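The values are calculated or read from the model by the stated rules, or taken from the named source; none is laboratory data. All values reported here derive from a predicted model rather than from experimental measurement. With ideal geometry, Cβ positions are generated from the backbone for all residues, glycine too; neighbour counts draw on all protein chains shown. Please note that ligands, DNA and RNA were not included when accessible areas were found on the heavy atoms of the full protein model with its side chains. Shrake-Rupley method; radii C 1.70, N 1.55, O 1.52, S 1.80 Å.
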There are 4 protein chains.
Amino acid sequence: MIASLSDNCTLAQKAAILRFIESHGLRVHVGEAGAGTIVSIIGNPEPGLGEMIAALPGVESVSLEAPRYPFVAREARSAPSTVRVSDVVIGGRGTAVIAGPCSVESESQLLTIARAVAKEGAVLLRGGAFKPRTSPYSFQGLGEQGLALLALAREETGLGVVSEVVAPEDIPLMNRYVDMLQVGSRNMQNFRLLSAVGEQPTPVLLKRGLMSTIEELLLAAEYIVAAGNPRVVLCERGIRSFETATRGTLDISAVPVLKERTHLPVLIDPSHAAGKRSLVPSLAAAGIAAGADGLIIEVHDRPDEALSDGPQSLTLDGFAETMELVGKVADALGRPLAVVPA
Amino acid sequence: MIASLSDNCTLAQKAAILRFIESHGLRVHVGEAGAGTIVSIIGNPEPGLGEMIAALPGVESVSLEAPRYPFVAREARSAPSTVRVSDVVIGGRGTAVIAGPCSVESESQLLTIARAVAKEGAVLLRGGAFKPRTSPYSFQGLGEQGLALLALAREETGLGVVSEVVAPEDIPLMNRYVDMLQVGSRNMQNFRLLSAVGEQPTPVLLKRGLMSTIEELLLAAEYIVAAGNPRVVLCERGIRSFETATRGTLDISAVPVLKERTHLPVLIDPSHAAGKRSLVPSLAAAGIAAGADGLIIEVHDRPDEALSDGPQSLTLDGFAETMELVGKVADALGRPLAVVPA
Amino acid sequence: MIASLSDNCTLAQKAAILRFIESHGLRVHVGEAGAGTIVSIIGNPEPGLGEMIAALPGVESVSLEAPRYPFVAREARSAPSTVRVSDVVIGGRGTAVIAGPCSVESESQLLTIARAVAKEGAVLLRGGAFKPRTSPYSFQGLGEQGLALLALAREETGLGVVSEVVAPEDIPLMNRYVDMLQVGSRNMQNFRLLSAVGEQPTPVLLKRGLMSTIEELLLAAEYIVAAGNPRVVLCERGIRSFETATRGTLDISAVPVLKERTHLPVLIDPSHAAGKRSLVPSLAAAGIAAGADGLIIEVHDRPDEALSDGPQSLTLDGFAETMELVGKVADALGRPLAVVPA
Amino acid sequence: MIASLSDNCTLAQKAAILRFIESHGLRVHVGEAGAGTIVSIIGNPEPGLGEMIAALPGVESVSLEAPRYPFVAREARSAPSTVRVSDVVIGGRGTAVIAGPCSVESESQLLTIARAVAKEGAVLLRGGAFKPRTSPYSFQGLGEQGLALLALAREETGLGVVSEVVAPEDIPLMNRYVDMLQVGSRNMQNFRLLSAVGEQPTPVLLKRGLMSTIEELLLAAEYIVAAGNPRVVLCERGIRSFETATRGTLDISAVPVLKERTHLPVLIDPSHAAGKRSLVPSLAAAGIAAGADGLIIEVHDRPDEALSDGPQSLTLDGFAETMELVGKVADALGRPLAVVPA
């Protein structure tokens, strides 16, 4: 349920409205949506409550059939939104590249890679510490030790760090180390996790599920924003299709479709889509040409020995070449690679 | 990593092996797999540990390249496994039908439906109390109140109850009320949840993800069994394809494929696959003809007023007709509808 | 464009209407659709022609926005239609099984298989003489020699024969030998071929394309019926999805969906869907349980030496077992296996 | 079957080899493949023939298990191949843009569009005269009248013309009017048509089927080249997936995958993939960034009145803007838009 406040609703009226709703066991979140202010009401309202809210002073209307995603819809803002992560702005004029290994494996591995990607122009460092793996017998990540290494790499390179969160109970721990929480593809519809990252302030990188429509991605983002955290960046990373030549099918059309439907920034992950190193540069360039605000790319100093996703990780040299290619396209489109302030 | 124990491994040797592995920060689970006994080792072993384990008395071999799912593979048992839920055996000679509403909505709704499905031969009652919903603004379930109503319906009808669990922290609460925990499609690769339901003894109904392969379903089941809970029932409920005439595409072939690859029981959910009431009887009959051990079907006394999944819910009359049709096929194949002991 | 004739349209008026339309360079076909008679007008009518036709005596209305498939829609007939092929009725009370090798390879191969499948209750013989193959270097079929062998097998066994047609120019040749023309999956939207088989009287087995929706299948059938041949049988044979455990994904839901939307008979091809012999019996049984009017199954006396589709071809013994299983389900549903009159 | 000729095979030996093979009722095609010369043998060789061919003077080896697509494989040539159409080279350094309406509708429509796209830098004109339509009641194209209009537009603008061929019997007619024959998605596995366009010299634009793998596309191209026509250009135009926000899912990864596997030029069709005008510029730019050799784009002067594909056709202004965007990316990558010699 969504309540729209009237333009001349006073602050006192607004507070009374929120108190009234919460007194009925519901959660509320107030936000900007278009020119007006809306209150999203989450929970199961009792029959007749909508009418009661509609009658309160300061309420313009109550919609039981809510617009599908009032907070993240394109119409909710006059301009695209930007998300600041550490020193970096995603969604602004520049193109932001996040790079790093699939998994944090060791100090030397992480620092080698972090220094190399920083040198080539990446502005944030990625690295998994808690790894969701298809098999229970695969490497599951270094856990807190991995997070500590990410923080160390940040100290060494100045790059903010992004890492995947797989459960609500890990958020406090992760927030001691990381600058951006990634919600991975397999958790895109883990609604408890979405609500949990929505109830805290660290920016969120939300990856589209392998099986999820663009609408479902936007509704997943709505869970986060409606819970209170507007700092959400979307990421297309390949969907499942019948084609087996690639690991996923990069749905490049998702970029312009998302740009029409939402104000949130959009990244492309060419690595998971391709599943194969040699395809990554082309897909990265295509992503930027399609209008994405940036990229997240897997890089490894010795990909053949990687504990996960080696075949799709760029070598350090491959990353340098990719950045050169991407830079050309980004420059041509007036969206040069973003730089971290020295 | 998997360690196979030798046939003449003593109990003292076995205990020493487990202590040794656990002393290196890893979790172990011992189980039957084929004729032998294996120890699944979960976590990230340090380099060289495999060799050290292989040298312990009582260990026959250590496999770093583990078979993909040693516990749930067909070869792990001499016969198909059965799972007892309340008074009912799933996977035995009889055909088990689980039925009930998508969501628990009220006492009268639930009791009306429960009595009707019990009368027509359902042996377990389904009903959602914690609902994973695509939109944050949709009905999210009654929570504990819904669980209490399920327990009440069990008292009234004698039917054991099945309900979906969406987060590890809810398991203790759910276990006070339900007989079987459902892990839903959207959580099939929520590995924390899989491990959590594996670390407790209540039987688990594991639904295949909308875009998960059969191999991934088996690996998800392996997470549960490797964590200690062998009481897992699989469920095919429709996958995503390009066809839009149905909500999902029921992958009927998954039944014989699963029967070849695993000893676990397999159910069919015709309701979610179809998304449309009129298709449910045909798909239910097809599922049993394909060799499934049972069905899970959504039923509602007033589907047009249902808070979720109304269009695909059978009416009470429709359920009676479906049971008659399914009963004919089940009888013809020598797998009559199971009955609850009076 | 579709013109509906009025109930009291005279034969002379009808003839005049048709002459008028044809004089404008269009093709017409008159058929039963529901209670009334409609004229389908194929071609590109000049502007204003619709109004001119609507004004002719005997015309009730002209619809520019034609119903999608007026001839094959369920509403077009008061009862499901049946298609007679040789001595066999498809779509009646009985269940019709078509069986035989993927490709006709030799006289001894074909006769061995034909006799065996006839003995086990198949009522029509399938066998490919013109094979559409993914690679130009694969076996392309025996051509007319293969057709002649099919006719020989018919003489020996009394079974009518079904074979695939791949081009309009082959139809006269094929009609000298076969009783039913199959339009294969890869040609489901070869509209010239559809029109060509529509302009001759031999019954047509129309297989759904790997990539085709149920709506597209019905529109392909409409091409055939609108061109003059109402003897069309539809066949679901597996669609493409992300799942790789099977060759195709048998869309079992297509059976009840088609039964709701069209009066045409529907078969299931479990062999191509499965791609693997061991899965065929379960899928065949599921197809009948779902309401299909019959099956088309690949059988080979020595499948390991087959020139095409060996892995999915049943052995002669496997076919016998499958027929026993299918017979049980068919009997239970009151649709026993059809028999050829002795 | 493939025979490789030895390096010192004489012309007389080669002629004798071909005569020998043809005398056994098989078709042959000689071509360059890698450093050597190969003879592709199409048809069904009798048992033992391979050994007989292998024993002929000048034959180095015979491969029954042919490489999947010896003629179109990347290894078959030392450099990417180029295809000349009218004055234009596709696959060279420049980026070739083909543009025009979905269907030829009238002289004024076609000439208006042709002049506009020529002015903005398109180098070939597309336009359908024989339209494969899902419904028999949709506009089916103007036929020869449409071809004549295309020839007229060529005269007016100097642009070579591309049009779809739907049946072998139309080829002689089409060759009187067009410069390039398009084989459409629905006919990608119409093997008779592939062979027929392979047995004549006009260049072929081969579009990937909606649900065809990249391997199947390459095998379809092999049909054409093995039949004698090496002038083949491939085109990715969107595949089917579960996503409904777009008409197809543009498989952008197909570009780098094809570039690794074949020497043939590759185009992108953003119009059919998108199904929606507003998405076309982004997809066009992405296609070039991914490495495609050009684009084929639908343009209409009054798209709202188009007889087919209006929603996805760019307006004339939209095409101008798209060309500006595409030009920037093409320039940045050193592959400027090709120009027609004045």
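The strands (runs of 3 or more DSSP E) found entirely in the stretch A:22-130 that carry 2 or more residues being modelled with pLDDT of 85 or more, over 25 Å from the mean Cα position of the chain (by Cα) and not acidic (Asp, Glu) are A:59-63.
Scan the stretch D:183-191 and give yes if some residue there is modelled with pLDDT under 95 and under 21 Å from C:Phe242 (Cβ atoms), otherwise no. If you could, list the steps in order and put the result at the bottom.
Pass one, the stretch D:183-191, residues modelled with pLDDT under 95: none.
Checking the stretch D:183-191: not a single residue is modelled with pLDDT under 95 and under 21 Å from C:Phe242 (Cβ atoms).
Residues that are within 14 Å of another protein chain (Cβ to nearest Cβ), in contact with a strand residue (DSSP E or B) (Cβ under 9 Å, 6 or more places away or on another chain) and not polar (S, T, N, Q): does the stretch C:89-104 have at least one? Yes, the stretch C:89-104 has at least one match. Open to solvent by 10 Å² or more (accessible area, probe 1.4 Å) and closer than 21 Å to B:Arg126 by Cβ: which single residue out of B:Gln200, B:Gln189 fits that description? That would be B:Gln200, the only listed residue that is open to solvent by 10 Å² or more (accessible area, probe 1.4 Å) and closer than 21 Å to B:Arg126 by Cβ. Every residue in the stretch A:132-150 that is more than 9 Å from every other protein chain (Cβ to nearest Cβ) and under 20 Å from the mean Cα position of the chain (by Cα), please. Scanning the stretch A:132-150 gives A:Leu147, A:Leu150.
Condition check ((1) surrounded by 16 or more Cβ atoms within 10 Å (Cβ to Cβ); (2) within 14 Å of chain D (Cβ to nearest Cβ); (3) over 24 Å from C:Leu264 (Cα atoms)) across all residues:
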| position | (1), (2), (3) |
| --- | --- |
| C:Thr10 | no, no, yes |
| C:Ala16 | no, no, yes |
| C:Glu46 | no, yes, yes |
| C:Leu49 | yes, yes, yes |
| C:Leu56 | yes, no, yes |
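Residues in the stretch C:229-245: is at least one hydroxyl-bearing (Ser, Thr, Tyr), surrounded by 24 or more Cβ atoms within 10 Å (Cβ to Cβ) and either in contact (Cβ under 8 Å) with a residue 12 or more places away in the chain or closer than 20 Å to C:Arg68 by Cβ (or both)? Among the residues of the stretch C:229-245, not one is hydroxyl-bearing (Ser, Thr, Tyr), surrounded by 24 or more Cβ atoms within 10 Å (Cβ to Cβ) and either in contact (Cβ under 8 Å) with a residue 12 or more places away in the chain or closer than 20 Å to C:Arg68 by Cβ (or both), which makes the answer no. I'd like the residue in the stretch B:326-342 that is crowded, with 18+ Cβ neighbours inside 10 Å, closer than 12 Å to B:Glu120 by Cα and of a type in the set (A, V, I, L, M) and, out of all such residues, is nearest to the other protein chains (Cβ to nearest Cβ). That would be B:Val326. The number of residues in the stretch B:285-313 that are within 27 Å of B:Ala129 (Cα to Cα) and within 14 Å of chain C (Cβ to nearest Cβ) comes to 5.
The listed residues are D:Asp293, D:Asp301, and the only one of them that is more than 28 Å from D:Gly92 (Cβ to Cβ) and in contact (Cβ under 8 Å) with a residue 12 or more places away in the chain turns out to be D:Asp301.
Among the residues of the stretch B:138-161, are any closer than 26 Å to C:Phe242 by Cβ and open to solvent by less than 30 Å² (accessible area, probe 1.4 Å)? So far as the stretch B:138-161 goes, no, none of its residues is closer than 26 Å to C:Phe242 by Cβ and open to solvent by less than 30 Å² (accessible area, probe 1.4 Å). Candidates in the stretch B:289-316 are the residues that are open to solvent by less than 10 Å² (accessible area, probe 1.4 Å) and in a helix (DSSP H, G or I); of these, the one that is nearest to C:Ser282 (Cα to Cα) is B:Ala289. When B:Ser241 is tested against (1) out of contact with any helix residue (DSSP H, G or I) (no Cβ under 8 Å at 6 or more places or on another chain); (2) under 21 Å from B:Ala99 (Cα atoms), exactly one condition is not met: (2).
The residues on offer are D:Ala122, D:Ala73, and the sole one that is touching a residue at least 12 places away in the same chain (Cβ under 8 Å) and open to solvent by 10 Å² or more (accessible area, probe 1.4 Å) is D:Ala73.
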